[in-house]
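Participant: Pasting a structure here, questions to come.
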Amino acid sequence: MQRTRKILTAVVVSGLAAVALAPAAGARPADKKADRVLAKSLVLRASDLPAGWAAKKATKDKSSSSTDAELNKFAKKCGSSKQSFDAFKKFETGKAKSDFASPNNSETSVDATIFKTKNNADKAWGLVNDCLLDGFIKYFDTYLQKSGGGSGATFTVGPAGAVDNSAVSVPGVAVKGRTQTITVSAQGQSIPLEFSFLFLHHGRADETVLLMSFNQELTPDVQHQLLETLATRIARA
């Protein structure tokens, strides 16, 4: 089963960990150095996670490029402006990323991006809607089945649940996303994989948050605390 977890982890990370859709908040529009520092202050740190979790290097390959392309496709399809996230890259003034993994291959990935102005950030945030979120979850489910099937594992996909502003208690922080439980079966064993795909927004700041937890290694309380931590940081940006 450990081998199956590693295979599934590789599938998810290669396809998703490099996703960086959104803006993050910040300082004066022209102060790119300050915005880079600000973006770095928004992501998760080792001290935020349970004991045993360690930082890992982000991976970027053809799968992650394919994922970015899918997100841009859904943005164009689902939005009235027909714009993609790529259209806002020229307004980015600061970016940061953090990736952590547990000994059992559960993972977190957070991307923060600072935009030149609040208006730029608001417009990019506006591309994240129910159509995009639902479309991407369906894409992810299909991608998972195709990429992980070679390991002999089977995946039973549960319904996706919506996440909104009520997920955090920090005033002014907007949240959109989806959560889903996938049962992974192989070698006579079955384990639950909880997957969350979330976006946070405040001011000039947005973050993309990916949480992947095997066997509730990240308990609901821990996941909630991680989101509260991120919301508190982005609210100061």
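Throughout, read-outs are computed from the coordinates displayed, never taken from laboratory work. For clarity, every value in this text was computed on a predicted model and none was experimentally measured. Virtual Cβ from ideal backbone geometry, glycine too; neighbours counted across all protein chains shown.
Participant: So for the pair LYS56, GLN145, with labels modelled 7 Å out along Cα→Cβ, what separation do we get in nm?
Facilitator: 2.5 nm
Participant: Then there is this: Set the Förster radius R0 to 22 Å, insert the Cβ-Cβ distance between GLN225 and LYS40 as r into 1/(1 + (r/R0)^6), and round the FRET efficiency to 0.05.
Facilitator: Details: r = 21 Å, r/R0 = 0.94.
So the FRET efficiency works out to roughly 0.60.
Participant: Taking the Cα centre of each part, how many Å lie between segment 107-154 and segment 172-237?
Facilitator: Comparing the Cα centres of segment 107-154 and segment 172-237, I get a distance of 12 Å.
Participant: Now for a different question. Take the Cβ-Cβ distance between LYS33 and THR154 as r, set R0 to 45 Å, and report the resulting FRET efficiency rounded to the nearest 0.05.
Facilitator: 0.35
Participant: Listed highest first by mean packing, meaning other Cβ atoms within 10 Å per residue, what order do 219-230, 44-55 come in?
Facilitator: Numbers: 219-230: 15.9, 44-55: 13.7.
Result, highest mean first: 219-230, 44-55.
Participant: Can I ask one more? Would you please give the FRET efficiency between THR232 and ASN129, computed as 1/(1 + (r/R0)^6) with r the Cβ-Cβ distance and R0 = 22 Å, to the nearest 0.05?
Facilitator: On the way: r = 25 Å, r/R0 = 1.15.
The value I calculate is 0.30.
Participant: Taking a cut-off of 16 Å, what percent of all Cα-Cα pairs in segment 145-237 are separated by more than that? Write out the running numbers ahead of the final one.
Facilitator: On the way: 2532 of 4278 pairs.
In whole percent, the share of Cα-Cα pairs in segment 145-237 beyond 16 Å is 59.
Participant: Can you tell me the order of 97-110, 192-205, 118-131 when each peptide is scored by its average per-residue count of other Cβ atoms within 10 angstrom, highest first?
Facilitator: Numbers: 97-110: 20.3, 192-205: 23.4, 118-131: 18.3.
Going from most to least packed, we get 192-205, 97-110, 118-131.
Participant: Between PHE155, GLN223, LEU198, whose Cα lies farthest towards the positive end of the dipole of segment 139-237 when Lys and Arg beta carbons carry +1 and Asp and Glu beta carbons carry -1, centred on the Cα centre?
Facilitator: Working it through, the farthest residue towards the positive pole turns out to be LEU198.
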